[in-house]
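Asker: Let me begin by handing over the structure; questions about it come next.
The values are calculated or read from the model by the stated rules, or taken from the named source; none is laboratory data. This structure is a prediction, so every number in the text was calculated from the model and none was measured. Here Cβ is always computed from backbone atoms with ideal geometry, including for glycine, and neighbour counts include all displayed protein chains. SASA here: full protein model, heavy atoms, side chains in, ligands and nucleic acids out. Shrake-Rupley method; radii C 1.70, N 1.55, O 1.52, S 1.80 Å.
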Amino acid sequence: MKKLIYALAAFTVLSCAKKEVTPPQAVMPVPSEAQLAWHEMEQNAFVHFTTNTFTDKEWGYGDEQPSVFNPTELNTDQWISTLKDAGFKGVILTCKHHDGFCLWPSQYTEHSVKNSPYKGDIVKQVSESCKKHGLKFGIYLSPWDRNRADYGSPAYIEYYRNQLKELFHSYGPVFEMWFDGANGGDGYYGGANEKRKINGATYYDWPATLNMVREMEPNVIFFSDAGPGVRWVGNERGIAGETNWNSITPDTLYAGKAGIENLLGTGSENGTHWIPAEVDVSIRPGWFYHAKEDSLVKTPQQLFDIYMTSVGRGSTLLLNVPPDKRGLIHENDVQALKGWRDLLNETFKTNLAAKAKATATSYRGEADAYAATNVTDGNKDTYWATDDNVTTGSVEITFDKVHLVNYMVLQEYIKLGQRVKTFTVEAWKDNAWQKVADATTIGHKRILKIDPIETDKVRVNITASKACPLISAIEVY
Ligand code: FUL
């Protein structure tokens, strides 16, 4: 009897005509492993802290006395645990801002914490608190330095590189290095009291500096206006382009080039390099703490809107949360972050797609390898895909009953390149499909707010794609 069953089973498998399955080819460019890890982080915090915090300035002149730097209750564990609770995965600290004051006791200058009443090494404390709480640590070291008389001469480049060596040797691992473009280019803004102009394209000799840093930290992600790791999004309001390609052609960019802001926000569909946009924005009007802005901390709803226009458009958010004069994250900021986290948790609590049935108009080869169920299985390493010559297709998700739908979350399998150009979302209502959203790119993540609709099934239609679409997740809230 057993033998007969085996024989029948073999017959069934053989008689079943199967499509040939070859995995999809990558569509270039593709992200590096470090860039992929950066995409996964989604939410990082910026921390701006220097003499400005005590002098009530945004850009110090570099002539501040170190004695003004006097945080009396500094507690980096309070910063990092607050940030962790808010969901941040990494922290980038202004180890030195444009005023040149160093938050670590650099051996190359007297303009640092070592000559302040505070004395302690804040870079060390932040990197240790990050380790303790499981966050990654990143470094901002302003290229522009208003404290240095030698700024603009070759001696300053040596000074700058020496400081990078100090930082990378003592406080790593460092996941991201932030190169600020301020005063970086020909006639780029210098601000009051700054007459010195440099030709940023040649003065800094960035390729040599980046190579030096790479030798110390091979996987570090470099941020600058034009990358090479991640690019600036083109504004400081928290808004990525609605169309947001992770690719761009670096030759079209350089720090200070006029009119590139829009391009930075959208990227280029046929860009040659994977250089995704990072959305830097502050929780307060300024980057540094000012008591007069205590009532102007962004509300949880404003932060939620920023989340939607950054993470929700496939970027990583870099939200600045500046410590106050005590050396603590102010109560108002703590409250705002908490309210924001609660709002996010509440909004994205129950994924209606998790237990739903998913089907597709077509799939690639064997159903289980590239089936629509891969978009609802919670595994980002599996994805729904079509055949190579098919660049459109639909996935239908049927719930157990009628639910109120407010948000759609989609993800592409970007390891093999960003593909989707346009898509729509429909909901089944009154015995017909009704269009509830019409959008362009997806990338790492796309979150769409739709007009709330009661429905028991939704459909995502990929309407144009650079190559066969690879969708790793669809979530419905
Ligand atoms: C700008 C700087 O000039 C601001 O002070 C701030 O650090 C911001 C993140 O980048 O270019």
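Asker: Sort through LEU296, LEU303, LEU210, LEU264 and tell me the only one that's open to solvent by 10 Å² or more (accessible area, probe 1.4 Å), assigned by TED's automatic domain parsing to the domain that holds TRP144 and in contact with a strand residue (DSSP E or B) (Cβ under 8 Å, 6 or more places away or on another chain).
Answerer: None of the others qualify; the one that does is LEU210.
Asker: What residue, among those in the stretch 328-352 that are part of a loop (DSSP other than H, G, I, E, B) and touching a helix residue (DSSP H, G or I) at 6+ places or on another chain (Cβ under 8 Å), is farthest from the ligand (Cβ to nearest atom)?
Answerer: Once the filter is applied, the top-ranked residue is LEU328.
Asker: When only residues in the stretch 159-179 that are away from the ligand (no atom under 16 Å from the Cβ) and not in a helix (DSSP H, G or I) count, which is surrounded by the most Cβ atoms within 10 Å (Cβ to Cβ)?
Answerer: PHE175
Asker: Take ASP381 and decide whether it is more than 22 Å from the chain's Cα centre (by Cα), farther than 18 Å from MET408 by Cβ and either in a helix (DSSP H, G or I) or not aromatic (Phe, Trp, Tyr) (or both).
Answerer: No, not satisfied.
Asker: A further question on this structure: Inspect the stretch 114-123 for any residue being in contact with a helix residue (DSSP H, G or I) (Cβ under 6 Å, 6 or more places away or on another chain) and within 15 Å of the ligand (Cβ to nearest atom) and give the result as yes or no.
Answerer: Looking for residues that are in contact with a helix residue (DSSP H, G or I) (Cβ under 6 Å, 6 or more places away or on another chain) and within 15 Å of the ligand (Cβ to nearest atom), one finds none in the stretch 114-123, hence no.
Asker: Filter the stretch 88-99 down to the residues that are away from the ligand (no atom under 11 Å from the Cβ), part of a loop (DSSP other than H, G, I, E, B) and crowded, with 24+ Cβ neighbours inside 10 Å and list them by number.
Answerer: PHE88
Asker: Please work out if GLU242 is assigned to a loop (DSSP other than H, G, I, E, B), open to solvent by 10 Å² or more (accessible area, probe 1.4 Å) and under 24 Å from LEU344 (Cβ atoms).
Answerer: yes
Asker: Now a separate question. Are any residues in the stretch 412-427 in contact (Cβ under 8 Å) with a residue 40 or more places away in the chain and surrounded by 21 or more Cβ atoms within 10 Å (Cβ to Cβ), and if so, which ones?
Answerer: GLU412, TYR413, ILE414, GLY417, GLN418, ARG419, VAL420, PHE423
Asker: Give me the residue from the stretch 48-59 that is within 11 Å of the ligand (Cβ to nearest atom) and surrounded by fewer than 24 Cβ atoms within 10 Å (Cβ to Cβ) and, out of that set, farthest from the chain's Cα centre (by Cα).
Answerer: LYS57
Asker: Ok, one more. Failed condition for LYS380, given (1) without any contact (Cβ under 8 Å) to a residue 60 or more places away in the chain; (2) in the same structural domain as HIS444 (by TED's automatic domain parsing); (3) among the charged types (D, E, K, R), with all others met?
Answerer: (1)
Asker: Any chance you could count how many residues in the stretch 134-151 are away from the ligand (no atom under 16 Å from the Cβ) and open to solvent by less than 40 Å² (accessible area, probe 1.4 Å)?
Answerer: Count: 3.
Asker: Name, by its number, the condition in (1) over 30 Å from ALA385 (Cβ atoms); (2) open to solvent by 20 Å² or more (accessible area, probe 1.4 Å); (3) part of a loop (DSSP other than H, G, I, E, B) that does not hold for MET28.
Answerer: Of the numbered conditions (1) over 30 Å from ALA385 (Cβ atoms); (2) open to solvent by 20 Å² or more (accessible area, probe 1.4 Å); (3) part of a loop (DSSP other than H, G, I, E, B), the odd one out for MET28 is (1).
Asker: Is the stretch 440-452 home to any residue that is within 27 Å of THR316 (Cβ to Cβ), hydrophobic (A, V, I, L, M, F, W, C) and touching a Ser or Thr at 6+ places or on another chain (Cβ under 9 Å)?
Answerer: no
Asker: Would you confirm, using the coordinates I've provided, whether VAL402 is open to solvent by less than 30 Å² (accessible area, probe 1.4 Å), modelled with pLDDT of 95 or more and either among the β-branched types (Val, Ile, Thr) or farther than 24 Å from PRO276 by Cβ (or both)?
Answerer: no
Asker: If we keep just the residues of the stretch 121-133 that are open to solvent by less than 10 Å² (accessible area, probe 1.4 Å) and polar (S, T, N, Q), which is farthest from TRP79 (Cα to Cα)?
Answerer: SER127
Asker: Test PRO154 against the stated conditions and say whether it is in contact with a strand residue (DSSP E or B) (Cβ under 9 Å, 6 or more places away or on another chain), open to solvent by 50 Å² or more (accessible area, probe 1.4 Å) and either more than 21 Å from LEU83 (Cα to Cα) or of a type in the set (Lys, Arg) (or both).
Answerer: no
Yes/no matrix, rows are residues, columns are (1) part of a strand (DSSP E or B); (2) closer than 18 Å to HIS39 by Cβ:
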residue	(1), (2)
VAL402	yes, no
TYR407	yes, no
THR422	yes, no
ALA437	yes, no
HIS444	no, yes
PRO452	yes, no
GLU475	yes, yes
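Asker: Taking the conditions exactly as written (open to solvent by 40 Å² or more (accessible area, probe 1.4 Å), in contact with a helix residue (DSSP H, G or I) (Cβ under 9 Å, 6 or more places away or on another chain), in contact (Cβ under 8 Å) with a residue 24 or more places away in the chain and over 30 Å from THR202 (Cβ atoms)), does ARG284 satisfy them or not?
Answerer: So ARG284 does not fit the description; no.
Asker: How many residues are assigned to a loop (DSSP other than H, G, I, E, B) and over 20 Å from the mean Cα position of the chain (by Cα) if we restrict to the stretch 100-141?
Answerer: Total meeting the criteria: 17.
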